1. Rounded to the nearest whole Å², what accessible area per residue is found for segment 53-171 with the 1.4 Å probe?
2. Order Arg203, Arg328 by their accessible area, 1.4 angstrom probe, all chains in place, largest first.
3. Counting only protein heavy atoms and a 1.4 Å probe, tell me what percentage of the chain's accessible area is made up of carbon and sulfur.
4. Which of rounded, prolate, oblate describes segment 133-284, given a ≥ b ≥ c as roots of the alpha-carbon gyration tensor eigenvalues and a/c under 1.5 marking rounded, otherwise prolate only if a/b is larger than b/c?
5. What shape does the chain have by the C-alpha gyration tensor, where a ≥ b ≥ c are the square roots of the eigenvalues, rounded means a/c under 1.5, and otherwise prolate means a/b greater than b/c and oblate the rest?
6. What are the lysines whose alpha-carbon lies under 20 Å from the alpha-carbon of Lys200, with same-chain residues fewer than 8 places away excluded?
7. Decide, for segment 131-182, between rounded, prolate and oblate: order the square roots of the alpha carbon gyration tensor eigenvalues as a ≥ b ≥ c, take rounded if a/c falls under 1.5, and otherwise choose prolate if a/b is larger than b/c, else oblate.
8. Under a cut-off of 17 Å between alpha-carbon atoms, report the aspartates and glutamates in cross-link reach of Lys322, not counting same-chain residues fewer than 8 places apart.
Amino acid sequence: MKISRLGEFGLIEKIRKMTSQRSSSVIAGIGDDAAVLKVSASASLLATTDMLIEGVHFDLAYIDYYSLGWKSAAVNLSDIAAMGGVPRFCLSSLCIPHTLTVEQIADFYRGFNAMLRAHRTTLVGGDTCSSRLGFVVSVTVLGEIRKELVLTRGGAKPGDKIFVTGALGDSAAGLEVLKNRVTRSGKKVVTEAAKRLIEKHLRPIPRVTWGRKIALSQGAHAMIDISDGLSSDLGHICEQSHVGALISAEKIPLSPSLQIAAPYLDAAPLDYVLSGGEDYELLFTAPLEKVRKLRSLGIPLYEIGEITRTRTMLTVDGRGKKSPLSARGYDHFLNMSENK
Ligand code: ADP
Ligand code: MG
């Protein structure tokens with residue numbers, strides 16, 4: 001059977017089923033942003049790993065090595081943020097093609113280290129080898145959290161309000177600006193707005209402090225970071241919490257940059273929001289009675305909808321028209337060219 005028939009998440013589920021072993025030390029295993037592992041009566045270890053592969057996640061034609069290092073650390077820190085934890089340690093592994101130089105690797109680690117330093121995370125190990133194909137980066141981040149503060153994808157309840165911590169769609173739009181600049185001469189969109197979108201794509205900011213504040217407030221029920229697009233990541237919360245969601249399309253925050261650049265882009269802003277990934281804002285749900293407390297945390301919070309008992313995802317427009325929302329964010333195997 002072709003892997004594309006299962007898709008990325010179907011394949012992960014198959015791996016989970018094939019390898020599942022019960023352990024009282026595993027509070028959350030495969031299926032959340034980070035694993036939550038009991039190491040003592042009060043402390044839990046958070047563990048997360050993500051790869052960035054040339055030709056799949058990045059193209060060296062439009063990402064510089066500093067940004068690549070920064071982003072490789074940021075996407076992993078974001079998964080610790082999504083659990084409400086504190087990042088502590090990091091491991092980095094590189095497969096390096098012979099065409100790369102020492103200076104380029106040094107630039108990579110300058111960016112990587114800037115991101116780690118900002119979040120007081122220490123690089124403690126990794127692996128280095130040659131690659132005959134492209135440049136491959138694999139990063140693991142370890143963090144900590146008290147068990148009772150953990151925010152998984154599985155805690156959302158009907159009636160919960162759904163929040164995001166910032167504007168969505170910028171990163172995917174920024175990638176399109178970069179691709180157009182590289183591949184389509186004569187259609188350059190080099191405005192200040194486009195530059196800001198590019199910046200959001202190349203140098204994402206993981207919401208570590210915000211995720212921590214949300215967890216410490218004990219006001220939220222479930223949380224995830226938006227790495228694969230709103231529709232997919234909300235889909236993970238709905239699936240694991242056995243609930244549905246109604247999203248008010250008009251309430252989704254769009255940055256001024258995306259609105260300014262929209263006429264020059266191939267897709268509508270909402271398409272970048274729903275299907276584009278890599279925004280790394282947090283998406284969380286909270287009951288009405290906790291909303292005031294959450295609003296007092298000093299974090300940007302945008303209420304975009306509500307969790308429903310009926311297990312479907314819907315969007316509603318300004319005129320009250322409801323449409324089904326299917327998870328259509330990035331899937332490594334469903335996006336393979338043979339499926340297009
Ligand atoms: P995220 O987008 O938050 O990084 P992913 O979608 O990459 O999460 O992964 C979803 C879940 O599946 C995570 O818990 C991850 O650790 C797990 N996972 C992914 N691939 C594998 C694998 N090959 N073996 C075991 N667990 C995996
Ligand atoms: Mg995640």
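1. Details: 4890 Å² over 119 residues.
Per residue, segment 53-171 has 41 Å² of solvent-accessible surface.
2. Result, largest first: Arg328, Arg203.
3. Carbon with sulfur: 53 percent of the solvent-accessible area.
4. Since a/c reaches 1.5 and a/b is larger than b/c, the shape of segment 133-284 is classed as prolate.
5. Here the chain falls in the rounded category.
6. Filter leaves Lys71, Lys179, Lys188.
7. oblate
8. Excluding near neighbours in sequence, the set is Glu250, Asp271, Glu306.
The values are calculated or read from the model by the stated rules, or taken from the named source; none is laboratory data. Only a predicted model underlies this, so the values are computations on that prediction, with no experimental measurement involved. For accessibility, only protein heavy atoms count, side chains too; no ligands or nucleic acids. Shrake-Rupley method; radii C 1.70, N 1.55, O 1.52, S 1.80 Å.
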